[in-house]
1. Expected output is a single nm value to one decimal: the length gained when fully extending between residue 43 and residue 165, i.e. 0.36 nm times separation in residues minus the C-alpha distance. What is it?
2. How do the peptides 20-30, 101-111 rank, highest first, by the average count of neighbouring beta carbon atoms within 10 Å per residue?
């Protein structure tokens, strides 16, 4: 299940205190088309299907003035070999954090490059630019967090009771590391 903090300003997050809790960093391309959402990772392509849509609940004043949205939806990833010809591509870099390696609660922050939309076969395509066959692009550039902007932020857990004190304390710890509370 995913837990979102409602009306959290992503531009004010202080990310430097999270570095010691980083578990993984994964790049992927998200393709949006009239046929649905598709994800391309380093090795595979998937069609994303949302199961049990609209299974959300809203909790007012979960921690002080903060409200949360609890999303019980599940997703299914079906491996595919082709994607629709017409689609919009967004590069997404997912950072996952845990307070300890075996913790069942994960903080997930999705970033997108401020200037780059995607990188295919070594060619970097820039936001807002028109690309035609034969264009040359910067190769091999590596983005740092300063080159990225937060586009999504949530917690994932297997915990079924979000009001349980231990779970709430984990959320408080992460939000304090982000200098949000």
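1. 40.0 nm
2. Details: 20-30: 13.8, 101-111: 16.7.
Per-residue Cβ counts within 10 Å, averaged per peptide and sorted highest first, yield 101-111, 20-30.
Coordinate-derived values only; no laboratory data. What you see is a predicted model, and the numbers here were worked out from it, not measured in a lab. Quick reminder, even Gly has a Cβ in these numbers, built from the backbone with ideal geometry, and neighbours come from all protein chains shown.
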